[in-house]
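To keep things clear, I will list the structure first and then write my remarks on it.
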Amino acid sequence: MRFVQVSRLRAMGFGLAVLMTIGLTMQLLGFHFPKMTSQSSTIHPLSSIPPSLPPTCQPKRHIVFLKTHKTAGSTVLNLLHRYGDNNGLFFALPIKYQFHYPHFFNYYQVKGINSPNRTQYNILCHHMRFNLPEVRKVMPADSFYFTILRDPATMAESSFIYFRFASSAFKKAPNLTAFISNPSYYYQEKEQSDHYARNLLSFDLGFDHNAPFTVTLARARAQTVEETFKLVLLTEHFDESMVLLKEELCWDLDDVVTFKLNIRGSSRPLEPEEVKKLRAWNTLDWYLYEYFNQTFWDKVERFGKEKMDNEVMRLRERRQQLAELCLQNLEPVRAEDIKEDAFKPYQNGQAKILGWAVRKDLDPQIRSLCIQMATPELQYIDLLDARQFPAGSKM
């Protein structure tokens with residue numbers, strides 16, 4: 001019996017020695033056991049998920065974003081607003097909310113452009129009809145240009161609802177189905193806001209949206225866009241787009257995490273035949289979209305498919321974390337259900353634009369970040385304007 005007890009003690013002593021040896025080895029190799037605390041699962045929004053690799057580039061601070069209509073541009077705009085706001089960058093702001101759209105952009109439309117006290121502009125990103133020579137008068141020569149495109153079929157459906165009472169062609173049509181069936185019956189060139197009803201992407205890019213389609217013309221335009229814009233994002237692949245944008249700008253993951261803004265409450269799915277007709281009606285835009293769909297996936301392939309999948313997963317996980325932390329509801333809500341005016345999205349046409357309600361029971365520093373992510377476009381422009389042009393400023 002004594003022998004058995006001694007054997008057990010020896011076995012326990014040997015096991016304890018083994019465990020101590022393993023623990024010492026792990027410490028020498030740099031392994032650490034996490035401390036178990038009651039707050040170990042708390043999400044801290046101000047410290048982003050560690051990057052995959054140490055940065056080997058310098059963050060870009062001179063940026064031109066051509067915000068096209070009905071392409072998730074408002075969501076992209078939010079991340080630019082936040083980054084510039086948090087890093088003290090200077091925006092080329094419109095005197096009102098757009099650069100005299102639908103007219104071509106002109107440098108004198110930038111607020112404070114002729115002020116002797118103005119600083120160098122860092123970011124130009126609000127609605128315009130693109131005009132490269134005039135943009136170059138405003139922005140530094142090393143500016144990074146990018147834009148975003150969307151399938152013209154779904155874009156046309158969204159435009160019809162959003163610009164229902166702005167475009168004469170849309171107003172004439174009794175409904176979307178009628179317009180799709182025979183768009184040329186309702187459409188007349190040069191009538192009020194006709195650009196919303198046909199080849200809207202081409203118009204925003206500065207081209208003649210009513211030009212007759214030829215492959216030669218369409219290819220030349222695509223090449224012009226490619227020479228100017230170093231990155232063309234796709235609405236349908238928004239998360240992959242954000243990963244590519246993060247890499248190009250040399251920004252952190254949190255810089256490109258967004259909540260969707262300016263989104264509609266509901267939309268009617270298009271039938272396959274309707275998609276075909278709308279793409280044919282917007283042939284110039286459809287060529288551009290197909291062209292840059294190819295260049296987009298070429299960039300993804302060079303980036304690495306497995307690497308892209310991992311980065312998209314990290315992006316979505318981070319968005320979910322911040323949504324759970326910041327928002328009262330994980331789904332967007334109607335404007336009338338948002339109590340704070342700062343988060344109520346602008347309503348236009350027949351579209352019911354949804355927004356986000358931010359939780360009030362947050363630490364002030366954390367709530368400040370959440371507020372930035374949920375602030376709609378127009379309200380954020382007002383905030384930037386007040387920062388850059390305070391009362392009494394001579395700018």
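Counting only residues that are surrounded by fewer than 20 Cβ atoms within 10 Å (Cβ to Cβ) and in contact with a helix residue (DSSP H, G or I) (Cβ under 9 Å, 6 or more places away or on another chain), which one in region 210-221 is nearest to PRO183 (Cα to Cα)?
Out of the qualifying residues, it is ASN210.
Hey, can you tell me all the residues within region 312-335 that are touching a Gly at 6+ places or on another chain (Cβ under 9 Å) and open to solvent by less than 70 Å² (accessible area, probe 1.4 Å)?
PRO332, VAL333, ALA335 - these are the residues of region 312-335 that are touching a Gly at 6+ places or on another chain (Cβ under 9 Å) and open to solvent by less than 70 Å² (accessible area, probe 1.4 Å).
Checking the condition outside any helix (DSSP H, G or I) and open to solvent by less than 10 Å² (accessible area, probe 1.4 Å), which residue from PHE259, PHE207 passes?
Going through PHE259, PHE207 in turn, just one is outside any helix (DSSP H, G or I) and open to solvent by less than 10 Å² (accessible area, probe 1.4 Å): PHE259.
Which ones in region 97-117 are assigned to a loop (DSSP other than H, G, I, E, B), open to solvent by 80 Å² or more (accessible area, probe 1.4 Å) and on the phi < 0 side of the Ramachandran plot?
Listed by number, the residues that qualify are TYR97, HIS103, ASN114, PRO116, ASN117.
For residues in region 378-394 being open to solvent by 30 Å² or more (accessible area, probe 1.4 Å) and at pLDDT 80 or above, which is farthest from ALA323 (Cα to Cα)?
PRO390
If a residue counts only when it is free of Cβ contacts under 8 Å to residues at least 60 places away in the same chain and open to solvent by 10 Å² or more (accessible area, probe 1.4 Å), which helices (runs of 4 or more DSSP H) contained entirely in region 118-174 have at least 1 such residues?
Qualifying helices (runs of 4 or more DSSP H): 132-136, 168-172.
If I ask for residues that are part of a helix (DSSP H, G or I) and touching a helix residue (DSSP H, G or I) at 6+ places or on another chain (Cβ under 6 Å), which ones from region 337-384 would you list?
Residues satisfying the conditions are ALA342, PHE343, CYS370, GLN372, ALA374, GLU377, GLN379, TYR380.
In region 176-186, is there at least one residue being under 27 Å from the mean Cα position of the chain (by Cα) and open to solvent by 40 Å² or more (accessible area, probe 1.4 Å)?
Within region 176-186 (the criterion being under 27 Å from the mean Cα position of the chain (by Cα) and open to solvent by 40 Å² or more (accessible area, probe 1.4 Å)), the answer is no, since none of the residues qualifies.
The values are calculated or read from the model by the stated rules, or taken from the named source; none is laboratory data. Note that the structure is predicted; figures quoted are calculated from it, not measured. Quick reminder, even Gly has a Cβ in these numbers, built from the backbone with ideal geometry, and neighbours come from all protein chains shown. The protein model used for the area step is the full one, side chains on, heavy atoms only, and it has no ligands, DNA or RNA in it. Shrake-Rupley method; radii C 1.70, N 1.55, O 1.52, S 1.80 Å.
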